[in-house]
């Protein structure tokens, strides 16, 4: 499972709100919802967040192995 907990931390550190992502950077509210729910998003979306936040992929997402 991929989780996006780091995304919210980076956004706080950079002072970028969800509102700013939607209005200033044209990020779809649906994409933000998908990230909140740790659902699948495209690599284009991840690329956009890294560019906007000036961070690395590993700063915003983490792989957690499924329990078997």
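From the list 22, 32, pick out the single residue that is without any contact (Cβ under 8 Å) to a residue 24 or more places away in the chain and more than 24 Å from residue 63 (Cα to Cα).
Only one candidate qualifies: 22.
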A careful count of residues in region 8-50 that are out of contact with any helix residue (DSSP H, G or I) (no Cβ under 6 Å at 6 or more places or on another chain), within 25 Å of residue 66 (Cα to Cα) and part of a loop (DSSP other than H, G, I, E, B) gives 5
Those residues of region 35-56 that are under 10 Å from the mean Cα position of the chain (by Cα), surrounded by fewer than 17 Cβ atoms within 10 Å (Cβ to Cβ) and within 17 Å of residue 21 (Cα to Cα) come to a total of 3
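Here, each number is a calculation from the coordinates, and none is a lab measurement. The shown structure was predicted, so the numbers you read here are calculated from the model rather than taken from an experiment. A quick note on method: Cβ atoms are made from the backbone with ideal geometry, for glycine too, and the neighbour counts reach across all protein chains shown.
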